[in-house]
Amino acid sequence: MPDEYDRRLIDVLDEENVLRGLATTIRTSGERKINIAATKPAALWVEEGGALTFGDATFDQKEELLADNAFQLEDYIIAQFGKAIANAEEDAFLNGDGEGKPTGLFADAQVGVTIGTVEIEADDVIDLIYKLKRPYRKKASFITNDSTLAVLRKLKDENGNYLWQPSLQNGEPDRILGYAIRTSQFAPKLAAGKAALAFGDFSYYNM
């Protein structure tokens, strides 16, 4: 796509994808792997150099939309496709199996980085933090699902104080035990045998 549209699409991805603001982005030139938006809109992953298939994105009253300068159709399409691609990206960055897509954080997490029990206790979160080596704790943060976050918000220390620290500044993430916590609809839900809370310095994740 033209460079101008490419930049605008990336802006949408940066805004919509939770991991893009934490991970390290590696810029490439020439051909690259890109997930292609399809009808709904939805998105899928395509191997670099692989054949591209497109679905027809449909709009009611196309003629009226195109003729109406008050409706910014171009901006609308970029925003809608950008959100669809961002969703496919975020899902892959967190859960991807590495087959034609990235290897996800939760799919490849090592011991000491995630916990996944049916019930999370305050001590589990403290243990998780300190299982990570000190140099990696400086810029570390949490990623979890909204439903798991509801459990975490109720946790208290031995003195009855909530571990949860709501943000007092607009645009800043809430915190648990001093570390920022962000949510993603694609992070696994709390379930037996599954990792549901990731903690680490995600700038070491290259995309």
> Which cross-chain or sequence-distant (5 or more) residues have an amide H under 5 Å from the amide H of ALA180, H modelled 1.01 Å from N in plane?
Replying inline: PHE142
> For THR103, what accessible area in Å² do you get when you roll a 1.4 Å probe over the heavy atoms of the protein chains, rounding to the nearest 10?
Replying inline: 60 Å²
> Which percent of the accessible heavy-atom area of the range 142-207 goes to carbon and sulfur, probe 1.4 angstrom?
Replying inline: 45 percent
>> Quick query: amide H of LEU197 versus all other amide H atoms, modeled in the peptide plane; which residues come in under 5 Å with a sequence gap of 5 or more or a different chain?
In response: ILE115
> What is the distance, in nm, between label points placed 7 Å from the Cα along the Cα-to-Cβ direction at ASP97 and at LEU132?
Replying inline: 2.8 nm
> Hey, what do the phi angles of the range 135-146 turn into as Karplus ³J(HN,Hα) couplings, whole Hz, using 6.51/-1.76/1.60 and θ = phi - 60°, x for Gly and Pro?
Replying inline: x, 8, 7, 4, 10, 6, 8, 9, 10, 7, 7, 4
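Evaluate the charge dipole of the range 91-207 about its Cα centre and quote only its size in Debye, nearest 20, assuming +1 on the Cβ of each Lys and Arg and -1 on the Cβ of each Asp and Glu. Mind dumping the intermediate values first?
Working: 14 positive and 15 negative charges, 66 e Å.
With only Lys, Arg, Asp and Glu charged at Cβ, the dipole is about 320 debye.
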>> For the pairs LYS133/LYS154; LYS156/LYS189; LYS83/LYS133; LYS154/LYS194; LYS133/LYS189; LYS133/LYS156, flag any whose C-alpha to C-alpha distance is greater than 29 Å.
In response: LYS83/LYS133
> Which loop-located trypsin sites (Lys or Arg not before Pro) does the range 125-176 contain, where loop means any DSSP state but H, G, I, E or B and the Cβ has at most 16 other Cβ atoms within 10 Å?
Replying inline: LYS133, LYS138, LYS139, ARG153, LYS154
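The values are calculated or read from the model by the stated rules, or taken from the named source; none is laboratory data. All of these numbers come straight from a predicted model, not from anything done at the bench. Positions of Cβ are generated from backbone atoms using ideal geometry, with glycine treated the same way; all protein chains shown enter the neighbour counts. Protein only, heavy atoms only, side chains kept; ligands, DNA and RNA dropped before computing areas. Shrake-Rupley method; radii C 1.70, N 1.55, O 1.52, S 1.80 Å.
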